[in-house]
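The values are calculated or read from the model by the stated rules, or taken from the named source; none is laboratory data. Small disclaimer: the values here were computed from a predicted structure and weren't measured. With ideal geometry, Cβ positions are generated from the backbone for all residues, glycine too; neighbour counts draw on all protein chains shown.
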Amino acid sequence: MALGPILVVIANSLKTDSAIFDSPFSLPNAETFSFAGYERVLTEGDFGLYFRNSFVVTTASVLLVLVLSALAGFGLSEYTSRITPALLLFFAAGVMLPIRLGTVSLLEMMVSWRLVNSLTALILVYTAMSMPLAVVLMAQFMRQTPRELKEAARIDGAGEFRVFGLMIPIVRPGLAAVATITMLPIWNDLWFPLILAPSPQTSTVTLGIQQFVGQYATDWSAVLAALTLGAIPVILLFVIFSRQFVSGLTAGAGK
């Protein structure tokens, strides 16, 4: 059920436009097979630049979210006080409030910081968007780490950052879960690239695909080819790290 739509997109990306509408669910044959969509994507559009922008934004955002959420989760799990429940509730509220409600304010902020049409603006927004759920998850994972191990490290003279470093291998399933739920929405997002970085030099893959979508006519073979090329990195990452992704998501399911 899940692979069906993906296979339909890939199969139709290898057809002519007329064949896509005549038989959308059939495989390409000698008469309908065509690489024209991929040729137009790679020649008419600057797909390499769009791909690089998406890769830079996604990688930087995921790394920032992993580091900051792990540190915040460690602090919230180790240093309990009266405000700790309020802080966790604050982050939980961030999960329920969609960041797109603040689009106008975010745009005004980026304009005042002179960050419009820059990848930095996207990285900052995506990091903020992903932090609430990531912090809540990492706080729960950090609470499951053996307290005896942390106390033994402190007795041996280890500082707090050293203790934090010792916990990282233990919470790898949590980091995998956070990386998974952070990476996919960022890579597939169209809203913020359209609002904050619409220039050709800062366009991402999802925004670059829009150049093949017109008001009166759409180059469907090119659109499907661009979608296929854009999905390849995510598919490869899942194939390579599927065990870590699945273990991380199942470990986080009970948190």
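Tabulated results
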item	result
Residue count, the range 93-119 (criterion: loosely packed, with under 15 Cβ neighbours inside 10 Å, touching a residue at least 12 places away in the same chain (Cβ under 8 Å) and either touching a Phe, Trp or Tyr at 6+ places or on another chain (Cβ under 9 Å) or closer than 21 Å to Gln201 by Cα (or both))	1
Hey, Ala152 out of contact with any Phe, Trp or Tyr (no Cβ under 6 Å at 6 or more places or on another chain), in a helix (DSSP H, G or I), surrounded by fewer than 21 Cβ atoms within 10 Å (Cβ to Cβ) and modelled with pLDDT of 90 or more or not	yes
Residues satisfying the stated conditions in the range 225-248, i.e. at pLDDT below 85, within 20 Å of Ser54 (Cα to Cα) and part of a helix (DSSP H, G or I)	Pro233, Val234, Ile235, Leu236, Leu237, Phe238, Val239, Ile240
Elements of type helices (runs of 4 or more DSSP H) contained in the range 1-61, each with 1 or more residues being out of contact with any helix residue (DSSP H, G or I) (no Cβ under 9 Å at 6 or more places or on another chain) and closer than 30 Å to Leu175 by Cβ	3-13
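Conditions (1) under 20 Å from the mean Cα position of the chain (by Cα); (2) without any contact (Cβ under 8 Å) to a residue 40 or more places away in the chain, marked per residue:
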residue	(1), (2)
Ser23	no, yes
Ser26	no, yes
Phe35	no, yes
Glu39	no, yes
Asp46	no, no
Ala60	yes, no
Val67	yes, yes
Gly75	no, yes
Pro85	no, yes
